[in-house]
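Report on the following structure.
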């Protein structure tokens, strides 16, 4: 059966200009593939991460309590507001590594490992129930240590005594933060093993699930307070602090759920933007085809073709573009989703159970793959086919000379400009509508690229801001009962330590006017000079020696309690004793528990007559901080000396390690943002390549004239290449300006996703300069193929061109 002429023409157009077809198909495919990649990786993550987390039966809230017996947990479990209560003992120790070093490890102990009710783990290899002198390792811990079932590990307890334990099992505990983020390892031992290692038999952590509204913050907080006041403290035990779990902001939530959801929203927005940018290339391509085929349209109309038939033909061409793009986009999106999901599964320590393409994602990609290109192409199709038969047939030339524009007049005044450069400039701005779409694509790509760099600078700035409150070389927590003077004296005895100070802390909670509890806070104070804290005063002033009930609060408290301002009076309870405090200053965010600073004399009254130091901070110099190597050397000496002096059984932490731990939280986000920005840049480059190809095609006669008057291949290539670079530089100018609001929005969005708080905005000049170089490279690369085609045209070919 013969194919109708209009469909033969359609096929000839698609096949006759394969490079143009390929550019459009790739552009649409990248946009659709990006949407599928992000959406499908989200589906895989929700399917695997959250289902596996639910199997762990996560807690509503965690109580950290002074040493208590199992009977207290039994009593709480019988409360009508409580569904389940699981006692745990956590013990800090160190494990010897294969290279002879040591790593901090948390030993977890439960009364009955076979019947864990809250925060369960799953056995993967061997047995998940440790016996006497045996240990079970969390799987990432086993991977870090390089050990397996049947091996032995050496545990060093706070008294420096070492014990060899047999590894009898490896488990998967999704409730623990992976050591890839924070350098903390996890293991499980029974109480008999702890006693053998010199520890007393008690529990110090209680994981609780509420009977009703177990995932509602206000209800959980209220029940937790009732338990503290009515059950735990009357039984003779103190609640040190309560937590939903690491950085989780709501009960029974995965510890990084808010961060994951926020980041996925950002990625979805960027993937949709990528899809919209690809629509710009569709508009340019269809417009160029219609402009190029004006006379063909007139001829078809003159021999009886209806406008609706011509519209149908070009609409079908867009559909063909979409079909071809979907053939590429569906597997491309699946491959990308597999990569992201695999990386996140490894990074967050969950299992990726399957890689598939749900029908919902297929429908989403198919819908976007057809609707957006069709919507983009419909306007140029309708406007291009509206021309009359007379005008279509008797239009002479595709890029007629026309009158000289303002740019031509300006270029004429520049005497020193070479003719090829002047021609490149004129050609750049000849097709203004096409240039506009190309510039929009490249400008948005550049704006997002620079915004990613600005986001990194902003996060780095926030990191620097946070470290203003950690201006030490090494910090180490003190054991209970240790006096500050003893810790400072012993620290100053060490070589390389020029300054030492002790910081005190106490947990409190804001009390509202109706008597209910509000935001938990952390009181901090020092009786020393306090040079390890360099506060940035956002409002008001810093503490003065004459202050009594005056306090300085961090902006973290303002985020949680928006009504707090200078002059506000806060009622805060510490260990059940409430006092009113006046806010006289506000300092920058710590991105942590809301912090309140007060003078030491008042802190003594708050915390009682036997105030003990929380941590000692040391510096190698009063005026400057040491290098990473110096900090590590000081940490090793300080930790050993404090153990020998029975001042601390904790692991010393260097400032460098603290910064590494914090920066790990957003490094992965930045990697994915760079990937998305790169995809946007690729779409922009494809758009420019398509534009340059169309420009060369439309200027075939002009190129022939140049060749006829003796222009060399190099000269012709130069005209096209310079034009592409000019477009790239022009888009850079617009992108640099647009990146300011884009960067501000992206920085705040990422800050909210990671820290649950906006971050100070820092514009990245390095990002702007980097994009300038990339824009020029993209412009040049996008013009190479069109430039080669232009230089290969012969005079005979251009004379035959219609």
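No value in this document is a laboratory result; all are computed from the given coordinates. Note that this is a predicted model, so its numbers are computed, not measured. So basically every Cβ, Gly included, is an ideal-geometry build from the backbone, and we count neighbours across all protein chains shown.
The figures follow:
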item: Distance from the stretch 200-241 to the stretch 274-339 (C-alpha centre basis), Å; result: 63
item: Share of alpha-carbon pairs per 10 Å distance bin for the stretch 68-253, given as whole %; result: 9, 35, 34, 18, 4, 0
item: Mean Cβ neighbour count within 10 Å, used as a protection proxy, ranking 727-735, 180-188, 158-166 highest first; result: 727-735, 180-188, 158-166
item: Computed over the stretch 68-253: relative contact order in percent, which uses C-alpha pairs under 8 Å that are six or more apart; result: 27
item: Given (1) 29.1; (2) 31.1; (3) 32.3, the label whose value is Kirkwood radius over Cα pairs in Å derived from this model; result: (2)
item: Tensor-based shape of the stretch 552-670 (alpha-carbon gyration tensor, a/c under 1.5 rounded, otherwise prolate or oblate); result: oblate
item: Inter-site label distance for residue 7 and residue 531 at 7 Å from Cα along Cβ, in nm; result: 8.5
item: Prolate/oblate/rounded label for the stretch 551-618 (Cα gyration tensor, a/c 1.5); result: oblate
item: Calculated [θ] (222 nm, deg cm²/dmol) that DSSP helices of n ≥ 4 give over the chain, each run adding -39,500 (n - 2.57); result: -17500 deg cm²/dmol
item: Rounded to 10°, Cα long-axis angle of helix 713-755 versus longest principal axis of the chain; result: 30
item: Peptides 527-534, 436-443, 14-21 ordered by average Cβ neighbours within 10 Å, highest first; result: 436-443, 527-534, 14-21
item: Spherically averaged projected area in nm², based on the convex hull that wraps the Cα atoms of the stretch 479-649; result: 10.5
item: Computed E for residue 316/residue 19 - FRET, C-beta separation, R0 22 angstrom, nearest 0.05; result: 0.60
item: Contour excess over end-to-end distance, with Cα ends at residue 640 and residue 566 and 0.36 nm allotted per residue; result: 22.2 nm
item: Distance between modelled label sites at residue 362 and residue 229, nm, 7 Å Cα→Cβ extension; result: 5.8
item: Pairwise FRET efficiency - residue 541 versus residue 580, Cβ, R0 = 22 Å, nearest 0.05; result: 0.70
item: Computed lengthening from residue 628 to residue 516, 0.36 nm per intervening residue step minus Cα-Cα distance; result: 35.7 nm
item: Between 0 and 90°, nearest 10: helix 655-698 axis offset from the chain longest Cα axis; result: 10
item: Rounded tilt (10° steps) of 359-384 against the dominant C-alpha axis of the chain; result: 40
item: Percent antiparallel among DSSP beta bridges (both partners in the stretch 479-649, rounded to 5); result: 75
item: Residue 792 versus residue 659: modelled label distance in nm, points set 7 Å from Cα along the beta carbon direction; result: 5.3
item: For the chain, share of DSSP beta bridges that run antiparallel, in % to the nearest 5; result: 80
item: Ascending count of other beta-carbon atoms within 10 Å, so fewest first, for 451, 192, 51, 614; result: 51, 192, 614, 451
item: Sites residue 342 and residue 471 - FRET efficiency at Förster radius 51 Å, r taken between beta-carbons, to 0.05; result: 0.80
item: Over the chain, relative contact order from alpha-carbon pairs under 8 Å, at least 6 apart, %; result: 17
item: Shape of the stretch 30-99, Cα gyration tensor, a/c cut at 1.5; result: oblate
item: Gain in span if fully extended, residue 162 to residue 769, counting 0.36 nm per residue against the direct Cα distance; result: 213.0 nm
item: Antiparallel content of DSSP bridges confined to the stretch 49-193, in %, to 5; result: 70
